[in-house]
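Heads up: the structure comes next, in structure tokens.
What follows is calculated from the coordinates using simple rules that are stated; it is not laboratory data. Small disclaimer: the values here were computed from a predicted structure and weren't measured. When we count neighbours, we look across all protein chains shown, and the Cβ atoms used for this are built from the backbone with ideal geometry, even at glycine.
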Amino acid sequence: MDHMEERPITSVCHVVAMPFPGRGHINPMMNVCKLLASRNPATLITFVVTEEWLGYIGSDPKPANIRLASVPNVIPPERLKAADFSGFYEAVMTRIEAPFEELLDLLDPPAVSAILGDVELRWVIGVGNRRNIPVASVWTMSASLFSMLYHFDIFTQSRTRHSPLDLLANVNYVLGISPKHLSELKQIFLTNDHKVLKLLLECISMVPNAQYILLTCFHELESPIINSLKSTFSIPVYPIGPAIPYLDLQSQNSQNNPDYLKWLDSQPPDSVLYISLGSFLSVSSTQFDEILVGLQNSGVQFLWVARSEADRLRESCGDSGLVLSWCEQLKVLCHSSVSGFWTHCGWNSTLEAVFAGVPMLTFPLFLDQDSNSDQIVQEWRVGKWVKREEGKESLVSKEYVTELVQKFMDLESEVGKEMRGRARKLRETCLGAIAEGGSSSANLDEFIKGISGEHRPQALTSNTTVVG
């Protein structure tokens, strides 16, 4: 074990959390751990990351009962991930298991009450079952996508002579998947790396061998799907609420606000469009330039987190808006001057917009984001698609951006009023779910009872099938 923070050992329940090594997984897993820590201070949580990620998050504030531990950098570095994501994904599947087990053997206290394992770590459930430690599989995307992948995996298991892509291309019905979701699944398989999707299906196939499933959404957001999953699995399925940093909002101190929040303070209410296209994949520099000119011509003030492009875009921005490389996104979305969010539709960002009651312009780039975009626009009706032109790069033109943004940010149009009204209602439902006595807080309490020994998990009885 390369690193272990010292924490006073006063705990009766010791949880080990193992996230997939990526920003979109580590952040929600940490937020799940903070929720557990806040609801049960007697729990000690050991949060495991690679040495590289320890360097990124080691100084972040966290509760006293969460400590960090690291395993060696046995996978490619974060900066090379996008260039060969399938190679990175395969390395995560094959290289971290051994050092993780070595770390478990060195923990103090040695007894582990439960492991929180990202579903996209194929080996965690096997480790837990071999050691008779309950595993809670944490899914950091939508319940709808989990259901699609699970039912499709069941479908493919009896048809091993065909690849998943061939099967999808030639079927119009899969038990447990609606026609609309089957169409979405076909789109995901057509536009993403098949090697990654094959490994993802292998991860999904392990989940029934866990002892709990934790969904990072609230029940009311995807209730038909969640009800179906609860009846499908023999293990508890707990939608524990959005795994976003809403607990951090309670400790805001306006005197220490960063400059970008002070800039938002200076803007009129409901006047600013916030833009972020994620931390992993992005768009071309040419597309960034088209978006910037379109925004400038729209006359709408904007705050844009553009990461590696920030310095270049900032030089051309002028007084039209503010370009940053990073911000505390949830605080920005909850600010009274922000009235829209142009997003890549990552699940964490989607949930933050739902929590804030902010409508979305959807610009999906990768894996689950097309499915999330469909939910935002078609099911919840709190957003509009950013439609791309046909062509080599499917560029969105500056003229289109100008017109789209002006219409989207028009607070007086009937369409805009209705969309923002639905976004506010969705926010109220979300706040009700995470409030004391709400569905998410009740599910968290049930899960805590289970791992604290008040409920014996079914799959760890004498007829357990050990996997891995």
With the dipole of the chain defined by +1 on each Lys or Arg Cβ and -1 on each Asp or Glu Cβ, the option from Cys334, Gly24, Ser113 whose Cα lies farthest towards the positive pole is Ser113
Please report the orientation-averaged projected area of the chain, defined via the convex hull of its C-alpha atoms, in nm². 22.3 nm²
Positive-end residue of Phe146, Gln301, Tyr260, charge dipole of the chain with Cβ unit charges: Phe146
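If the viscosity is 0.890 mPa s and the temperature 25 °C, what Stokes-Einstein diffusion coefficient in µm²/s follows for the range 255-430 when Rh is the Kirkwood radius over Cα pairs?
On the way: Rh = 16.1 Å.
My calculation gives 152 µm²/s for D.
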Helix-only [θ]222 nm of the chain, DSSP H runs n ≥ 4, -39500 (n - 2.57) each, per residue, nearest 500: -13000 deg cm²/dmol
Excluding residues fewer than 8 places away in the same chain, name every one of the lysines whose C-alpha is closer than 26 Å to that of Lys230. Lys34, Lys180, Lys186, Lys198, Lys425, Lys449
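Can you tell me the relative contact order of the chain? Whole percent, Cα pairs under 8 Å, sequence separation 6 or more. Can you show the working numbers first?
Details: 787 pairs, mean separation 70.6, N = 468.
Computed over the chain, the figure is 15 percent.
Once fully extended, how much extra length lies between Lys387 and Ala42, figured as 0.36 nm per residue of separation less the alpha-carbon to alpha-carbon distance?
Values: separation 345, 0.36 × 345 = 124.20 nm, distance 4.97 nm.
Full extension of this stretch gives 119.2 nm more.
Report the longest stretch of the chain that contains none of the GluC sites (Glu not before Pro) sitting in a DSSP loop with at most 13 other Cβ atoms within 10 Å. Write out the running numbers ahead of the final one.
Values: sites that count: Glu6, Glu389, Glu390, Glu393, Glu412, Glu436, Glu454.
For GluC sites (Glu not before Pro) (loop position, at most 13 other Cβ atoms within 10 Å), the longest site-free span of the chain is 7-388.
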In nm, what is the difference between 0.36 nm times the number of residues separating Lys417 and Asp270 and their Cα-Cα distance? 51.7 nm
In square nanometres, what is one fourth of the surface area of the convex hull spanned by the alpha carbons of the range 259-345? 5.3 nm²
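Report the extension gain between Arg95 and Gln378 in nm, rounded to one decimal, defined as 0.36 nm multiplied by the number of residues separating them, less their alpha carbon distance. Write out the running numbers ahead of the final one.
Values: separation 283, 0.36 × 283 = 101.88 nm, distance 4.02 nm.
Computed gain between Arg95 and Gln378 is 97.9 nm.
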Based on Cβ point charges of +1 for Lys and Arg and -1 for Asp and Glu, what charge dipole magnitude is obtained for the range 255-430 about its Cα centre, in debye rounded to the nearest 20? 360 debye
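To the nearest 20 debye, what charge dipole does the chain have about its Cα centre, counting +1 at the Cβ of each Lys and Arg and -1 at the Cβ of each Asp and Glu? Can you show the working numbers first?
Numbers: 39 positive and 53 negative charges, 182 e Å.
Roughly 880 debye for the chain.
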